[in-house]
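The structure under discussion appears below in the form of structure tokens.
The values are calculated or read from the model by the stated rules, or taken from the named source; none is laboratory data. Since the structure is predicted, the reported quantities are computational estimates derived from the model, not experimental observations. Positions of Cβ are generated from backbone atoms using ideal geometry, with glycine treated the same way; all protein chains shown enter the neighbour counts. Just so you know, the surface numbers come from the protein's heavy atoms only, side chains and all, with ligands and any DNA or RNA stripped out. Shrake-Rupley method; radii C 1.70, N 1.55, O 1.52, S 1.80 Å.
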Amino acid sequence: DRMLKVWPGAALCDGRAVPCEAYIGHSDHLTNLAFSPDGNSLISVGGGDTIFVWDVNGARAREDALAEAIVDESLRQATEEREAVEAAEAEAAAQAQEPVPSPADVLA
């Protein structure tokens, strides 16, 4: 249904039936989700790499400098992680192409 739904954790733990908050805006499925460290924003990534920063207290997309900073930092971290993986893969490929010494070479 392309909606992000969030239920209050305390209500789930004690068995109360409570409505969820619905965050609507993605045109495709969600692929990643995280709360900001202060718990006031929710960051969601959808198919096609659409990023939304949601105001948890109002179930609406944020469109301010904070949202832009969060998206920029998320993209920076993703780029950094991708580059680290690519470097590790290149290093592994280079090591795989190095000739393996024979036992005679090792003992010599």
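What distance in nm lies between label points placed 7 Å from Cα along the C-beta direction at N32 and A87?
Each label point is offset 7 Å from its Cα along the Cβ direction, giving 1.9 nm.
Using modelled amide H (1.01 Å from N, peptide plane; none on Pro or chain starts), what sits under 5 Å from the amide H of W54, excluding residues fewer than 5 places away?
L42, I43, S44, R62
Put I24, I51, I43 in order of accessible area, largest first, 1.4 Å probe: what do you get?
I24, I51, I43
Report ³J(HN,Hα) in whole Hz for each residue of segment 92-104, in order, from the Karplus equation J = 6.51 cos²θ - 1.76 cosθ + 1.60 where θ = phi - 60°; Gly and Pro get x.
Values per residue, Gly and Pro as x: 5, 5, 5, 5, 5, 8, 5, x, 8, x, 6, x, 5 Hz.
What ³J(HN,Hα) values, in whole Hz, does the Karplus curve 6.51 cos²θ - 1.76 cosθ + 1.60 give for segment 33-41 when θ = phi - 60°, with x put for Gly and Pro?
8, 7, 8, 5, x, 7, x, 8, 10
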